[in-house]
Amino acid sequence: MKKDYIRPTIKRQFMGMANKFGSLNLPQVISEIDGHKIEDLIKGFGSPLFIFSENLIRKKIKEFKNAFESRYPNFQPTWSYKTNYLNSICKIFHEEGFWAEVVSSFEYQKARLNGVSGNKIIYNGPSKSYDSLKLAIIEGAKIHIDHLDELNDILKISAELEKTVSVSLRINLDTGTFPNWNRFGFNLESGQALEAARKISHSNGKLKLIGVHVHIGTFVLETNAYKIAAKKISDFYITLRDELKQPMNYIDLGGGYPSNSKLKSQYLNTSYLIPNFDTYAEIICKEIYDAFSPDEPPTLFTESGRAMVDEAGFLASSVVGTKLLPNGKRAYIMNAGVNLLYTSTWYDYKISILKNSGFGYEDSILYGPLCMNIDIIRENCLLPNLVKGDSILIHPVGAYNVTQWMQFIEMRPAVVLIDSKQNVKLIRRKETVEDLNCFES
């Protein structure tokens with residue numbers, strides 16, 4: 001009996017489905033965030049559109065606080081304003097008991113307008129204006145001195161106000177990691193930090209030292225770096241307390257914890273590389289306890305940012321054009337680019353599709369809308385065939401993008417927050433030409 005004819009088909013094959021770098025990374029399908037269809041959000045608020053999930057933020061907060069509070073009762077987290085200073089985002093952290101950590105006069109004002117009292121603000125940064133320092137001193141903020149000129153400004157303010165000012169020192173130190181963040185504060189190993197502390201102790205009662213602060217870097221995957229930092233800063237604290245007789249009462253170990261994002265230099269999936277909060281907390285808290293035993297350990301501050309909010313932020317973006325490049329690679333022009341995604345310089349974002357098209361995938365490049373050759377969101381990602389008007393989801397983008405975004409060629413879009421009751425709230429409307437023109441005369 002003659003067999004039925006079956007028409008031959010051509011099926012695209014991808015080489016290297018399993019190799020030493022892992023399996024093929026097909027895009028995830030994400031059609032909803034917290035019960036809301038992304039396509040409906042785009043219809044209601046436009047594209048591109050930043051979307052934040054309050055549930056994801058509070059989930060991270062709970063994990064972080066549990067990790068540290070269960071190991072170190074005298075613990076106070078602070079929210080790093082520069083990571084994301086949208087008021088609605090900041091207020092979630094303050095509702096959860098976070099103080100504010102700011103690095104400029106502008107951020108200080110933001111925190112105060114968000115209802116944070118001066119005595120619950122940590123004032124960092126290398127460029128604090130004289131007037132903002134004076135206001136922060138009057139309002140009882142914790143001021144971390146970055147350099148000698150700032151120290152001299154505070155001495156003048158102390159004389160003007162005729163009061164003793166409580167201050168802390170920001171220090172930098174060697175943890176054996178690269179790059180070494182030595183541009184902020186006073187160096188420990190060279191003796192610079194101790195000399196600054198001596199100047200404070202010899203200020204004839206104008207200043208007194210109450211704390212020390214170190215921030216060793218950003219996206220720090222090497223947990224041993226925190227062990228070294230905690231040991232060194234604890235020993236320095238004890239020196240200031242015992243030898244210089246300063247009324248020390250806290251240590252600030254900064255932040256730098258990574259989010260579940262992928263650096264461009266990484267081959268492996270981030271889930272294999274990123275330690276959880278418990279790992280960091282165990283190392284840090286044990287080192288401080290060991291240094292101060294049997295004395296009561298000082299208050300511990302952290303200045304968490306990226307790890308708290310990055311994974312709660314998404315950017316919906318739509319295709320405005322497609323191209324086939326001379327090398328045969330598929331290119332998509334999106335309506336969001338580096339103007340909105342400053343961190344694309346360092347990270348390969350996850351690119352998710354809103355629906356499963358059922359077609360094959362091909363290696364693609366994502367360009368933004370700017371008339372600039374550097375406007376690239378992802379140089380390589382597998383995507384199905386997309387057409388003009390189709391949308392994708394770029395994530396995680398909650399950290400440092402809505403603070404470093406630019407008004408360049410394109411205006412900034414709307415931002416929505418899906419709150420804990422699954423209500424969609426417009427927390428920042430999209431810009432208009434009138435918004436931009438109002439600054440000009």
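Rule-based calculations on the coordinates, nothing more; no lab input. Being a predicted model, the structure only gives us computed values, none of them experimental. We place every Cβ from the backbone using ideal geometry, glycine too, and count neighbours over all the protein chains shown.
Things to note:
- The stretch 232-267-the stretch 367-406 distance, computed between alpha-carbon centres (Å): 35 Å
- Simple Cβ-charge dipole of the stretch 291-397, Lys/Arg +1 and Asp/Glu -1, about Cα centre, in debye nearest 20: 740 debye
- HN-Hα J in Hz across the stretch 422-434 - Karplus 6.51, -1.76, 1.60, θ = phi - 60°, x for Gly and Pro: 6, 8, 8, 10, 7, 9, 7, 6, 6, 6, 10, 4, 5
- Dipole moment magnitude, nearest 20 debye, the chain about Cα centre, only Lys, Arg, Asp, Glu C-beta charged: 1380 debye
- Computed with the Debye formula from one identical point scatterer per Cα of the stretch 54-308, without solvent, the log10 of I(q)/I(0) at q = 0.10, 0.12, 0.13 Å⁻¹ comes to -0.47, -0.69, -0.81.
- Residues in the stretch 317-334 carry Karplus couplings, in order, of 9, 10, 6, 10, x, 10, 8, 10, 6, x, 7, x, 7, 6, 10, 10, 9, 9 Hz; the curve used is 6.51 cos²θ - 1.76 cosθ + 1.60 with θ = phi - 60°, and Gly or Pro positions show x.
- Highest mobility in the GNM of the chain, judged by mean-square fluctuation with C-alpha springs under 10 Å and restricted to ASN260, ASN204, ASN66, is found for ASN204.
- For the chain, with +1 on Lys and Arg beta carbons and -1 on Asp and Glu, the positive-most of GLN192, LEU382, SER234 along the dipole: LEU382
- Under the Karplus curve 6.51 cos²θ - 1.76 cosθ + 1.60, θ = phi - 60°, whole-Hz ³J(HN,Hα) for the stretch 87-99, x wherever Gly or Pro sits: 4, 5, 6, 4, 5, 4, 5, 5, 4, 8, x, 6, 6
- Net charge of the neighbourhood of TYR85, taken over other residues with C-beta under 9 Å away and scored Lys/Arg +1, Asp/Glu -1, is +1.
- For the stretch 375-441, the set of chymotrypsin sites (Phe, Trp or Tyr not before Pro) satisfying both a DSSP loop assignment and a count of at most 16 other C-beta atoms within 10 Å is given as PHE439.
- Residue with peak Gaussian network fluctuation, the chain [Cα springs, cutoff 10 Å], from GLU243, GLU101, GLU69: GLU243
- The stretch 54-308 - charge dipole about Cα centre, Lys and Arg +1 at Cβ, Asp and Glu -1, debye rounded to 20: 520 debye
- Principal axis dimensions, largest first and in whole angstrom, of the chain by Cα: 104, 58, 43
- Hydrodynamic radius (Kirkwood) for the stretch 37-116, which is based on Cα pairs only, to one decimal in Å: 14.3 Å
- Sequence-distant residues sharing a close amide H with TRP79 (under 5 Å, placed H): TRP99, ALA100, GLU101
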